[in-house]
1. Scan region B:52-85 for residues that are buried (at least 24 other Cβ atoms within 10 Å of the Cβ), charged (D, E, K, R) and within 23 Å of A:Ala53 (Cβ to Cβ) and report the count.
2. Need the failing condition index for B:Val122 against (1) in a helix (DSSP H, G or I); (2) within 11 Å of another protein chain (Cβ to nearest Cβ), just the number.
3. I'd like the full set of residues that are surrounded by 13 or more Cβ atoms within 10 Å (Cβ to Cβ) and assigned to a loop (DSSP other than H, G, I, E, B), limited to region B:242-268.
4. Being within 26 Å of B:Gly121 (Cβ to Cβ) and touching a Leu at 6+ places or on another chain (Cβ under 9 Å) is the filter here; which residues of region B:207-235 pass it?
5. Identify, by number, the condition in (1) in a helix (DSSP H, G or I); (2) surrounded by 24 or more Cβ atoms within 10 Å (Cβ to Cβ); (3) in contact (Cβ under 8 Å) with a residue 24 or more places away in the chain that A:Ala181 doesn't meet.
6. Can you pull out the residues in region A:132-161 that are surrounded by fewer than 24 Cβ atoms within 10 Å (Cβ to Cβ), in contact (Cβ under 8 Å) with a residue 60 or more places away in the chain, of a type in the set (A, V, I, L, M) and within 25 Å of A:Gly29 (Cα to Cα)?
7. Counting only residues that are of a type in the set (A, V, I, L, M, F, W, C) and more than 11 Å from the chain's Cα centre (by Cα), which one in region B:19-37 is nearest to the other protein chains (Cβ to nearest Cβ)?
8. Which of the numbered conditions does B:Lys271 fail, given that it passes all the others? Conditions: (1) of a type in the set (D, E, K, R); (2) part of a helix (DSSP H, G or I); (3) farther than 30 Å from B:Thr96 by Cβ.
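The values are calculated or read from the model by the stated rules, or taken from the named source; none is laboratory data. All figures in this text were calculated on a predicted structure; none of them were measured in a lab. FYI the Cβ positions are ideal-geometry reconstructions off the backbone, even for glycines, and counts take in every protein chain you see.
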Amino acid sequence: MDNAYDGLTDAGEEKHWAFGTGFTDALTGVGRDIPAVDREALTAYCLMLGDDALVYSQRLAEWCSRAPELEEDVALANIALDLLGQARLLLSRAAEVEDAGRDEDALAYLRDERAFRNVRLAEIDCGPGPGGDFGTTIARLLVFSTWRLALFQRLAGSADPVLAAVAAKGVKELAYHRDHAAQWVLRLAGGTEYSRERIVEGLAKVWAFTDELFATHPVEAALPGVAVDPAELRAEFDQVIGTVLTAAGLDLPETRQVAPLAGQSGRDGIHTEAMGFLLAEMQHIARSMPGAVW
Amino acid sequence: MQSRELDQFEQTVAADHRVEPRDWMPDGYRATLVRQIAQHAHSEIIGMQPEGNWISRAPSLRRKAILLAKVQDEAGHGLYLYAAAETLGADRAELTEKLIAGRQKYSSIFNYPTLTYADVGVIGWLVDGAAICNQVPLCRTSYGPYARAMIRVCKEESFHQRQGYELLMTMMSGTEQQRAMVQESVDRWWWPSLMMFGPPDAESSNTEQSMLWRIKRHTNDELRQRFVDMSVPQAAKLGVTLPDPHLVWNAERGHHDFGEIDWTEFWQVVKGDGPCNAQRVEHRRKAHEDGAWVREAATAYARKKEQAA
Amino acid sequence: MTRSSWPLYEVFVRGKRGLNHVHVGSLHAPDDEMALRNARDLYTRRNEGVSIWVVKAESITASSPDEKDPFFAPSGDKVYRHPTFYAIPEDVPHL
């Protein structure tokens with residue numbers, strides 16, 4: 001694997017940009033064949049990756065009309081839209097593999113909390129709500145996009161043609177998200193005393209949810225050649241984060257990790273208390289008007 | 001005797017050429033433009049809130065993506081317009097401070113609450129539709145940067161209006177509850193949409209001079225009439241009733257007649273006592289002030305980098 | 001409360017290979033790198049450009065007004081941004 005940090009620094013590379021790369025529909029011409037693996041596991045895996053994007057997009061969209069400057073409002077909305085796009089492709093794939101008559105909306109709006117398989121990092125309030133601020137938001141964006149980019153770079157070689165195509169498209173987007181986060185980490189760390197405090201505190205808050213990102217789940221273990229083993233991502237993740245923090249003159253946060261519950265966490269449907277509220281808000285119209293069309 | 005600069009300015013405007021930033025222009029023209037463009041920019045930014053209110057609850061993922069992209073567009077439109085105002089010597093930060101201090105206005109339509117998801121559709125159809133009626137002529141307004149910003153805005157607004165109408169058509173094809181929801185929303189937004197064109201020509205203090213300068217190209221009442229004439233067949237196609245018993249085709253005029261607008265309510269909202277005036281300005285003030293430390297940090301970082309270079 | 005003092009930048013986009021960069025508008029950014037990123041987010045949301053220039057407005061020396069109309073090409077990615085994405089019956093007037 002090439003140095004993942006290249007994407008942060010090499011402004012001349014096309015992968016740096018989410019535009020201009022000629023994709024009209026990410027999945028045009030992509031085969032829909034379902035690989036010969038455990039279908040239940042593959043459905044669950046698509047849900048994991050789709051829920052990460054959906055739930056995090058829901059959080060990022062909370063910034064809309066609340067960002068520190070109008071230009072940043074537009075940038076955060078772009079990132080939320082990219083992730084929402086990834087979520088839709090992945091939930092649609094989950095529905096296709098599951099083959100139980102559900103679609104992306106049934107999966108997003110009619111599943112209960114326990115059936116959501118996103119990592120807890122995606123769901124916690126990092127601002128603009130009371131749980132954080134722009135510093136915490138940037139810290140989560142750095143951690144999440146660094147992790148997901150490393151994951152998608154590998155997933156692009158998946159034996160599932162749809163997952164591979166979604167990942168190939170997502171890599172361009174995530175490289176941009178990571179770059180955006182890294183640029184802001186540099187500015188907040190090197191800006192004022194106060195902004196430095198905010199990014200340090202933000203990193204400490206989100207760092208507590210990092211170990212969960214790299215824990216191999218039985219679903220992933222059951223899909224060799226299709227799923228990426230997240231344990232493999234740790235070294236690259238640490239290296240990229242280390243490079244950014246060194247450039248920013250920051251130390252790696254020494255935060256204790258938030259424990260799973262009896263060995264279970266987000267991937268198993270065991271979430272934080274914030275998750276119920278997030279879903280209540282997201283799902284309420286769809287659930288309170290059965291039979292409605294949108 | 002009239003100055004040579006004023007002659008030149010008047011000739012430029014009369015020939016329908018564009019006035020550009022470095023041209024000489026009368027102080028009144030500059031002041032009128034700054035006021036109008038700033039109000040327009042503020043309207044886009046404040047206008048993010050009523051619809052932004054529904055992003056987290058959008059009832060399908062497709063609708064969520066559309067709505068988020070739309071509200072994001074409004075931030076972009078505000079940006080284009082603030083930039084046009086800045087070519088006249090205004091400063092965005094100053095304009096924002098005037099907005100949150102209540103010293104500059106924005107379109108009163110955004111002081112009405114969004115109460116159901118149908119409002120997202122009706123805002124697209126009626127509010128954006130009215131805005132387009134107002135804005136299309138501005139693509140030919142006499143000040144170049146404003147006209148160019150409006151060309152871009154209008155292109156994107158057509159997406160906004162169509163997504164609204166499409167949402168309403170979809171809802172009308174749905175359940176009885178959904179159809180009732182659309183009608184109820186149309187009932188609430190129709191009159192405020194008509195008010196978007198401003199006071200009647202007889203009471204509009206700025207219209208005459210603005211027309212002469214070709215900042216404005218049609219009167220409030222002309223544009224309002226055009227909007228009513230456009231909306232009636234669209235409402236019929238949609239299957240909703242516009243809440244005006246006096247709305248009727250007048251073959252002699254070749255236009256629809258319509259009922260009297262409640263100008264008392266109009267002035268009440270304009271003067272700051274609409275249902276959401278305080279809430280909208282407070283939301284913007286909070287975002288601006290909460291973001292101050294971030295803007296300062298980036299400025300401080302840039303300064304350090306420059307000094308180190 | 002502190003005023004934003006981010007400088008104003010002018011943005012130029014090359015719509016596609018073979019064309020000149022064209023002025024498309026302005027934005028505020030704390031520095032050149034962020035200006036480039038903000039320009040990408042603001043002015044190429046619909047895949048309008050393949051190359052962007054940004055320059056601080058204060059660095060431009062101007063003779064006389066010579067701005068031209070911006071050029072915007074549509075893109076194919078986020079199709080829901082485009083008016084034609086919405087199926088509207090042809091007999092609905094003026095939409």
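1. Summing the residues that are buried (at least 24 other Cβ atoms within 10 Å of the Cβ), charged (D, E, K, R) and within 23 Å of A:Ala53 (Cβ to Cβ) in region B:52-85 gives 3.
2. (2)
3. Selection gives B:Leu242, B:Pro243, B:Asp244, B:Leu247, B:Phe258, B:Gly259, B:Ile261, B:Asp262.
4. B:Arg224, B:Phe227, B:Val228, B:Met230, B:Ser231, B:Val232, B:Gln234, B:Ala235, listed by residue number.
5. Against the list (1) in a helix (DSSP H, G or I); (2) surrounded by 24 or more Cβ atoms within 10 Å (Cβ to Cβ); (3) in contact (Cβ under 8 Å) with a residue 24 or more places away in the chain, A:Ala181 comes up short only on (2).
6. Result: A:Leu155, A:Ala159.
7. B:Val19
8. Among (1) of a type in the set (D, E, K, R); (2) part of a helix (DSSP H, G or I); (3) farther than 30 Å from B:Thr96 by Cβ, B:Lys271 violates only (3).
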